[in-house]
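Below is one structure; the comments refer to it alone.
Laboratory data are not the source of any read-out in this text; all were calculated from the coordinates shown. Source: prediction; values computed, not measured. Don't worry about glycine lacking a Cβ; one is built from the backbone with ideal geometry, like all the others, and counts go over all protein chains shown.
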């Protein structure tokens, strides 16, 4: 049995998917990009600014699922430019202090031409 997780404190899905799905004690978060939920706009700025917004969005979805960053067991991170890797990591490590398993790849392009997207698997 699975349950859709949704919160107004994170960007609404911009396609045919959910912000997250809870199946058993596992929560699967869809990729979060740096959309400001209140305005629907992309956080203006460099990789640091955009990564901070992504982390705020992830925090909101995790909270809606009754979890937080300490519950994360796996992340997949997508960067538009691998030259941003160090700056991205500097923000990432402030939030994912439990050091979950992770993949981080550069991609040709992300939705809305953002610089970063992060998806999370968490276990409660």
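Numbers at a glance
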quantity	calculated
Per-residue [θ]222 nm for the chain (sum of -39500 (n - 2.57) over DSSP H runs n ≥ 4, rounded to 500)	-7500 deg cm²/dmol
Inverse of mean 1/r across different Cα pairs in the chain, Kirkwood, Å	14.3
Sorted by Cβ density within 10 Å, fewest first, the residues 82, 55	82, 55
Most fluctuating residue given options 22, 52, 93, as computed from a GNM of the chain linking Cα atoms under 10 Å	93
Sorted by Cβ density within 10 Å, fewest first, the residues 58, 33, 121, 14	14, 121, 33, 58
Computed E for residue 74/residue 46 - FRET, C-beta separation, R0 25 angstrom, nearest 0.05	0.40
The stretch 70-124: Cα Rg divided by the 2.2 N^0.38 Å rule of thumb	1.13
Gap separating the Cα centres of the stretch 57-81 and the stretch 86-107, nearest whole Å	11
